[in-house]
């Protein structure tokens, strides 16, 4: 089966550009998450792929087949909506077999397919129930089964977990991912929850202001964010402003080295980012050669989150958070104590301070 | 909440209820006075006796009801004149109500697909059109359909009438009562009557259908589309079933309203097809001044409407009962 390709796909609503010219490839059999804050254009992008929104410019292709102008009811990509959009006037089985009924499939065939899908989503025996009798999680499974009934080329999900409570959401993320892997269907999920995207996706498209900021596997997105926005949106990060000085970053009296060297000309204003779990905490006198690449700090707040301990510190360049796990919690920490925060060179990302662009 | 607080709340609620109670009684009294008392009067008068050349007197006599069903001269002769009028009341009201809903449904559906602002503007326009009186609307259609200056004239002058004659469609129109030997003729026809009645209730139909249609989750329509349903299939399989109850209710309400239409019938309906509403008015206010017989007809019309409403509610309950 071929990939789904977007070529310079753009969407304007009046004078407002909601999705800027976007080139993306969704590989066959992979689950891609469109991740971003509200209003970043991810749902509009998904709706254009589904055929529910006409693009202002650009093309959508499956392999070499151009489907840009193919209406949604001919395109027939299975879609799960945020509200699930189940038909309340039909029982669960009729909801699932809706696409088959539209095709005029015989009743026995519709029933068999619906029951098969109900078993797939672990709802066997629920076929005769009314939609109103189902819980949130069950509704979501029915919505998934319904979208899969027509064996779509592409499976689209618009914030499918947002109507579920936190515990159920976690369960369904794993369940959906396992189902997708079993069926091997090209899947695109819209979400604003980075944890959800990290749990489920083979590939994440981080979107901001109608643009795809970064595309890549979750590990890469997390550890090698290309823009400050991505570093900020995915997980937590300490941001410290500085100026380039001979391939390192000058932050007040300290010189922070990075690996590889920051490729900026001298005196460029930059921001360094370092994840809290990568940031190291040392004693106040650890400012020797091995303990360099950091800033003296004062502990202002400590909280224990079970698996990790979170330490908030004040430095001359602003607040810094350090997360320490397991054996790393050697120091007895108390607010007011002096300490030293160290940013390991290999854990640092450097971004230009004014323009959000690749480091 | 402590026990003291709970008691205080109970006392406050009790006080509120005691304050509200006289208002409830007053409201009930007003409703009884304005609705029930006139209706009781009509029922009582319907059993009254007409004094020839004068008004009427109190009595308890079923003559007026007998006259309605079998005629005044029964058993010497039998006449179903008023049953026939009742039939035309039902005939015009049912057809006009259904046509109005059929036309209003796509219109209201399209309104719900518009932007919020456009929807508001349409609703304001429709609400303001309700201010037009029946007399004004009928006058308008009277001119539009008149033989000399209305649509027949337009068809004649543009050559459509001649074309209809040449193609042989004119004879069909004549057979339908929509043409005289020379020209297309709309006035005094079922067509004109139903058209005007439909026009009268069209804004009501849209306004009654609008809430149900606007409550439909747009993602349901989109979900149907992603599952292969074209626009018509979406309406048939998703939209119509979701608004079946409001649709049914709207037809019923318009039907009951249309049973009482007077001006449109007197102007456009064939004299042989006058309805009970016209007959009631003629009896009460016309040459005979026969209030008791007019009241009897009104009571029967009201009971018929009530019967239809009751039967419909019963049917709805039966339909909604789980199998």
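The values are calculated or read from the model by the stated rules, or taken from the named source; none is laboratory data. Keep in mind that this is a model prediction, so the values were computed, not measured. Note that we place each Cβ from the backbone using ideal geometry, even for glycine, and neighbour counts take in every protein chain shown.
Computed values, structure above
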item: Verdict on residue A:86 being crowded, with 17+ Cβ neighbours inside 10 Å, within 24 Å of the chain's Cα centre (by Cα) and either within 14 Å of chain B (Cβ to nearest Cβ) or under 19 Å from residue A:213 (Cβ atoms) (or both); result: no
item: In the stretch A:60-83, residue nearest to residue A:151 (Cα to Cα) [restricted to those that are more than 14 Å from chain B (Cβ to nearest Cβ) and under 24 Å from the mean Cα position of the chain (by Cα)]; result: A:62
item: Qualifying residue in the stretch B:226-242 (condition: touching a helix residue (DSSP H, G or I) at 6+ places or on another chain (Cβ under 9 Å) and more than 14 Å from every other protein chain (Cβ to nearest Cβ)); result: no
item: Out of A:148, A:157, sole residue that is modelled with pLDDT of 95 or more and within 14 Å of another protein chain (Cβ to nearest Cβ); result: A:157
item: Selection count where residues are surrounded by 14 or more Cβ atoms within 10 Å (Cβ to Cβ), assigned to a loop (DSSP other than H, G, I, E, B) and out of contact with any strand residue (DSSP E or B) (no Cβ under 8 Å at 6 or more places or on another chain), scope the stretch B:43-67; result: 1
item: Some residue of the stretch B:188-201 being in a loop (DSSP other than H, G, I, E, B) and away from every other protein chain (no Cβ under 14 Å); result: yes
item: Selected residue [free of Cβ contacts under 8 Å to residues at least 60 places away in the same chain, more than 14 Å from chain B (Cβ to nearest Cβ), crowded, with 21+ Cβ neighbours inside 10 Å and under 18 Å from residue A:98 (Cα atoms)] from A:111, A:141; result: A:141
item: Qualifying residue in the stretch B:245-257 (condition: over 16 Å from residue B:201 (Cβ atoms) and part of a helix (DSSP H, G or I)); result: yes
item: Test: residue in the stretch B:282-289 that is more than 14 Å from chain A (Cβ to nearest Cβ), touching a residue at least 60 places away in the same chain (Cβ under 8 Å) and within 22 Å of the chain's Cα centre (by Cα); result: no
item: Odd one out for residue A:60 among (1) outside any strand (DSSP E or B); (2) touching a helix residue (DSSP H, G or I) at 6+ places or on another chain (Cβ under 8 Å); (3) closer than 20 Å to residue B:222 by Cβ; result: (1)
item: Unique match (being crowded, with 17+ Cβ neighbours inside 10 Å and either at pLDDT below 95 or closer than 18 Å to residue A:138 by Cα (or both)) among A:50, A:101, A:97; result: A:97
item: Residue list for the stretch A:89-102, filter: at the interface with another protein chain (Cβ under 8 Å from one of its Cβ atoms) and free of Cβ contacts under 8 Å to residues at least 24 places away in the same chain; result: A:89, A:101, A:102
item: Breaking point among (1) away from chain A (no Cβ under 14 Å); (2) surrounded by 18 or more Cβ atoms within 10 Å (Cβ to Cβ), for residue B:271; result: (2)
item: Residues satisfying the stated conditions in the stretch B:243-268, i.e. within 14 Å of chain A (Cβ to nearest Cβ) and crowded, with 17+ Cβ neighbours inside 10 Å; result: B:243, B:246, B:247
item: Scope the stretch A:114-138; condition surrounded by 17 or more Cβ atoms within 10 Å (Cβ to Cβ) and within 14 Å of another protein chain (Cβ to nearest Cβ); matching residues; result: A:114, A:117, A:131
item: Residue within the stretch B:220-235 that is under 16 Å from the mean Cα position of the chain (by Cα), in a helix (DSSP H, G or I) and in contact (Cβ under 8 Å) with a residue 40 or more places away in the chain present; result: no
